There are 2 protein chains.
Amino acid sequence: MDVPKNQIVNSFSNDEKFIHQGKHLLLELYKCDYEKLNDESFLRCSLNRAAKLANATVLNLISNKFDPQGVTAIALLAESHISIHTWPESNYSAVDIFTCGQNMVPELASQYLIKALRAKEHYLRVVDRNPPVEVPCQTRTVV
Amino acid sequence: MDVPKNQIVNSFSNDEKFIHQGKHLLLELYKCDYEKLNDESFLRCSLNRAAKLANATVLNLISNKFDPQGVTAIALLAESHISIHTWPESNYSAVDIFTCGQNMVPELASQYLIKALRAKEHYLRVVDRNPPVEVPCQTRTVV
């Protein structure tokens with residue numbers, strides 16, 4: 001598998017046109033533990049734990065188990081969302097941590113998930129999302 | 001607002017290290033219709049419609065209305081997910097269309113959402129996700 005080992009890339013950090021209030025972490029996890037990638041309950045708990053560590057508020061969490069293997073779990077946050085899609089047969093998982101607001105620390109969620117799924121390699125890209133200047137981008141209240 | 005008008009950027013197309021089976025569209029929508037961005041029911045319908053146009057299968061759909069305005073809606077797909085986060089006060093929305101598999105055409109979902117939300121400007125980045133070579137990355141069966 002020809003992938004970079006544990007790299008972090010800030011893909012859009014040199015773009016000066018935007019106000020970087022939204023941050024989106026695109027995380028590929030390689031050589032993970034098969035059983036953990038196929039455990040829907042474990043993955044739901046892991047997303048919850050990752051969100052709390054990152055100082056996020058989970059408003060809803062859904063998941064789906066696939067046949068013959070694989071899980072998707074998505075947490076709807078007050079600060080945007082965290083999602084995980086797993087392919088246990090390849091020991092691979094794709095994670096998204098999209099945050100808006102100053103209080104959340106998405107890197108903590110990323111670090112936690114790398115360890116929780118026992119990824120021996122990972123590839124993290126940090127993408128700045130581009131709201132217009134006037135977007136306050138703060139945590140909002142649930143109706 | 002100093003943002004590119006209706007740009008498409010394939011940010012990782014020159015990276016030859018990976019097999020590009022996963023495609024992630026990061027779409028920023030600017031100058032959208034305020035009412036549509038604040039209409040939870042409309043946004044749920046729009047995600048459903050976008051998914052169907054893209055030949056995706058919606059397995060679950062959740063949403064949340066914020067106070068004083070703003071909506072998040074997320075569709076869990078057999079092919080990964082589509083999410084939308086809106087900030088009506090800034091006429092802005094951040095959309096993610098993450099697909100895995102050969103049958104889905106995420107660009108059709110993107111085109112539909114641009115029109116549905118009446119975005120006068122948009123900024124689309126196409127990011128290849130990086131599964132290891134052996135990931136089949138096909139639509140899987142729901143358990």
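The values are calculated or read from the model by the stated rules, or taken from the named source; none is laboratory data. Model, not experiment: these values are computed from the prediction. Counting neighbours? That spans all protein chains shown, and the Cβs are built from the backbone with ideal geometry, glycine included.
Residues being out of contact with any Lys or Arg (no Cβ under 7 Å at 6 or more places or on another chain) and touching a residue at least 60 places away in the same chain (Cβ under 8 Å): count how many of those fall in region A:66-86.
Result for region A:66-86: 1.
Can you name the residue in region B:88-108 that is at pLDDT 95 or above and surrounded by fewer than 23 Cβ atoms within 10 Å (Cβ to Cβ) and, of all such residues, is farthest from the chain's Cα centre (by Cα)?
Ranking the candidates gives B:88 first.
For residue A:117, all conditions in the list (1) within 8 Å of chain B (Cβ to nearest Cβ); (2) touching a strand residue (DSSP E or B) at 6+ places or on another chain (Cβ under 6 Å) hold save one; what is the number of the exception?
Every listed condition holds for residue A:117 apart from (1).
Any chance region B:110-129 includes a residue that's modelled with pLDDT under 95, crowded, with 24+ Cβ neighbours inside 10 Å and under 23 Å from residue A:126 (Cβ atoms)?
Yes: region B:110-129 contains one or more residues that are modelled with pLDDT under 95, crowded, with 24+ Cβ neighbours inside 10 Å and under 23 Å from residue A:126 (Cβ atoms).
Among the listed residues B:81, B:85, B:24, identify the single one that is crowded, with 22+ Cβ neighbours inside 10 Å, within 23 Å of residue A:93 (Cβ to Cβ), in contact with a Pro (Cβ under 9 Å, 6 or more places away or on another chain) and at pLDDT 95 or above.
Just a single option satisfies the conditions, and that option is B:24.
Scan (1) within 17 Å of residue A:83 (Cβ to Cβ); (2) among the hydrophobic types (A, V, I, L, M, F, W, C); (3) touching an Asp or Glu at 6+ places or on another chain (Cβ under 9 Å) for the single condition residue B:76 breaks and write down its number.
In the conditions (1) within 17 Å of residue A:83 (Cβ to Cβ); (2) among the hydrophobic types (A, V, I, L, M, F, W, C); (3) touching an Asp or Glu at 6+ places or on another chain (Cβ under 9 Å), residue B:76 misses (3) alone.
Residues checked against (1) more than 21 Å from residue A:84 (Cα to Cα); (2) among the hydroxyl-bearing types (Ser, Thr, Tyr); (3) touching a strand residue (DSSP E or B) at 6+ places or on another chain (Cβ under 8 Å); (4) not in a loop (DSSP other than H, G, I, E, B):
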| site | (1), (2), (3), (4) |
| --- | --- |
| B:27 | no, no, yes, yes |
| B:32 | yes, no, yes, no |
| B:41 | yes, yes, no, yes |
| B:82 | no, no, yes, yes |
| B:85 | no, no, yes, yes |
| B:96 | no, no, yes, yes |
| B:111 | yes, no, no, yes |
| B:128 | no, no, yes, yes |
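Look at region A:40-98 and say how many of its residues are farther than 16 Å from residue A:109 by Cα and more than 10 Å from chain B (Cβ to nearest Cβ).
Of the residues in that region, 3 qualify.
Please go through (1) in contact (Cβ under 8 Å) with a residue 12 or more places away in the chain; (2) over 15 Å from the mean Cα position of the chain (by Cα); (3) over 27 Å from residue B:128 (Cβ atoms) for residue A:36 and return the number of the only condition it doesn't satisfy.
(3)
When residues of region A:55-69 are filtered for being surrounded by fewer than 24 Cβ atoms within 10 Å (Cβ to Cβ) and small (Gly, Ala, Ser), how many remain?
Final tally of qualifying residues: 1.
Can you confirm whether residue B:38 is more than 26 Å from residue A:64 (Cβ to Cβ) and crowded, with 24+ Cβ neighbours inside 10 Å?
So residue B:38 fails the test.
Which residues, counting only those in region A:47-65, are in contact with a Lys or Arg (Cβ under 8 Å, 6 or more places away or on another chain) and under 24 Å from residue A:90 (Cα atoms)?
Scanning region A:47-65 gives a single hit, A:63.
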